[in-house]
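Student: Attaching a single structure in structure tokens format; questions to follow.
The values are calculated or read from the model by the stated rules, or taken from the named source; none is laboratory data. Predicted model, so just to flag it, every value in this text is computed and none were measured. Glycine gets a Cβ as well: all are built from the backbone with ideal geometry, and neighbour counts include every protein chain shown.
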Amino acid sequence: MPMKRKSFAVIGAGRFGSSLSITLAEMGHDVLVMDLDEAIVQELSEKVTHALQADSTNEQNIKVLGIANFDAVIVAIGADIQASILTCLMVKELGAKYVVAKALTEQHGKVLERIGVDRVVFPERDMGVRLARQLTDIHVLDCMDLSPDYSVEELQAPDFMVGKTLQELSLRQRYNVNLIAIRSGDILNILSLPEDIIKKNDLLVVIGKNKDLAKLGKR
């Protein structure tokens, strides 16, 4: 089944906003980018659907976008916290369906939540947490945060698992984590059976609470 094409407005095209915009466009979605920097807008104009050089704190500039027609609006403004807050206020007042905003500090994030932003993200902080978890647990190869408490992790099978069946390991009962898939070389098994045996160098994709995943990684 083909992925549904969606429309996004990204306001602020620094490193985070540019990367997000290009990725969404490469995935086949309609992406409009707005930024003050003409050079950045010019560079992105060939990579996204529309790129506009304008000041997002000017209400008229936001109005002409037809902000309510986008599936989501991402406010990715960098260091100017006042501009971030004002822009979020305007897009909410103009009927944006779903607003995601980048926050620089915890206090900035709290203000964004209070004015009705649907999702607040902390790219630098979250990347730091993710890297720390990878560096301190030799088994964890990659992880994706689902919420502040839950994550999906890809880890190399620890020695204690090798040669044992999934039934013997009882990951859900003993560690409170769920196995999503096993990758053995080029083969991905997403329909694991209790009698499947974990082999050396297998990659396991597991989901669970962060504290439980950490315990599994240290086992």
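Student: Give region 51-71 a look and list any residue that's exposed (fewer than 12 other Cβ atoms within 10 Å of the Cβ) and assigned to a loop (DSSP other than H, G, I, E, B), or say none.
Tutor: 64 - this is the single residue of region 51-71 that is exposed (fewer than 12 other Cβ atoms within 10 Å of the Cβ) and assigned to a loop (DSSP other than H, G, I, E, B).
Student: Can you list the strands (runs of 3 or more DSSP E) lying wholly within region 72-183 that have 1 or more residues being at pLDDT below 85?
Tutor: Result: 140-145, 150-156.
Student: While we're looking at this one, here's another question. Is it fair to say residue 48 is at pLDDT 95 or above, in contact with a strand residue (DSSP E or B) (Cβ under 6 Å, 6 or more places away or on another chain), buried (at least 19 other Cβ atoms within 10 Å of the Cβ) and closer than 23 Å to residue 124 by Cβ?
Tutor: Here the answer is no, as residue 48 does not meet what is asked.
Student: Tally the residues that are surrounded by fewer than 17 Cβ atoms within 10 Å (Cβ to Cβ), of a type in the set (D, E, K, R) and either over 27 Å from the mean Cα position of the chain (by Cα) or assigned to a loop (DSSP other than H, G, I, E, B) (or both), restricting the search to region 197-219.
Tutor: 3
Student: Looking at region 162-182, which of the residues that are free of Cβ contacts under 8 Å to residues at least 40 places away in the same chain and buried (at least 16 other Cβ atoms within 10 Å of the Cβ) is nearest to residue 213 (Cα to Cα)?
Tutor: 177
Student: Sticking with this one: So, of the residues in region 22-45 that are in a loop (DSSP other than H, G, I, E, B) and among the small types (Gly, Ala, Ser), which turns out to be surrounded by the fewest Cβ atoms within 10 Å (Cβ to Cβ)? First the steps, then the outcome.
Tutor: Residues of region 22-45 that are in a loop (DSSP other than H, G, I, E, B), as a first pass: 27-29, 36-37, 45.
Right, trim to among the small types (Gly, Ala, Ser) and you get 28, 45.
Values: 28: 11, 45: 14.
Only one residue tops the list, namely 28.
Student: Would you please list the contacts, defined by Cβ atoms under 9 Å and residues six or more apart or on different chains, that run from a residue in region 84-97 that is farther than 15 Å from residue 65 by Cα and not assigned by TED's automatic domain parsing to the domain that holds residue 58 to a residue that is buried (at least 16 other Cβ atoms within 10 Å of the Cβ) and aromatic (Phe, Trp, Tyr)?
Tutor: Between residues of region 84-97 that are farther than 15 Å from residue 65 by Cα and not assigned by TED's automatic domain parsing to the domain that holds residue 58 and residues that are buried (at least 16 other Cβ atoms within 10 Å of the Cβ) and aromatic (Phe, Trp, Tyr), there is no close pair.
Student: At pLDDT below 95 and within 17 Å of the chain's Cα centre (by Cα): does that describe residue 40? Can you show your working first?
Tutor: Numbers: at pLDDT below 95: yes; within 17 Å of the chain's Cα centre (by Cα): no.
Against the criterion (at pLDDT below 95 and within 17 Å of the chain's Cα centre (by Cα)), residue 40 does not qualify.
Student: Quick check on region 44-57. Is at least one of its residues of a type in the set (Asp, Glu) and closer than 14 Å to residue 95 by Cα? If you could, list the steps in order and put the result at the bottom.
Tutor: We begin by selecting, within region 44-57, every residue of a type in the set (Asp, Glu); these are 46, 55.
After this cut, where a residue has to be closer than 14 Å to residue 95 by Cα as well, the list is none.
No, there is no match, as no residue in region 44-57 is of a type in the set (Asp, Glu) and closer than 14 Å to residue 95 by Cα.
Student: Still on this structure, I have one more. Starting from region 11-28, take each residue that is over 23 Å from residue 82 (Cα atoms) and list its partners that are charged (D, E, K, R) and outside any helix (DSSP H, G or I), counting only C-beta distances under 7 angstrom and pairs at least six apart or across chains.
Tutor: Note: pairs meeting the criteria are 22/47; 25/47; 28/5.
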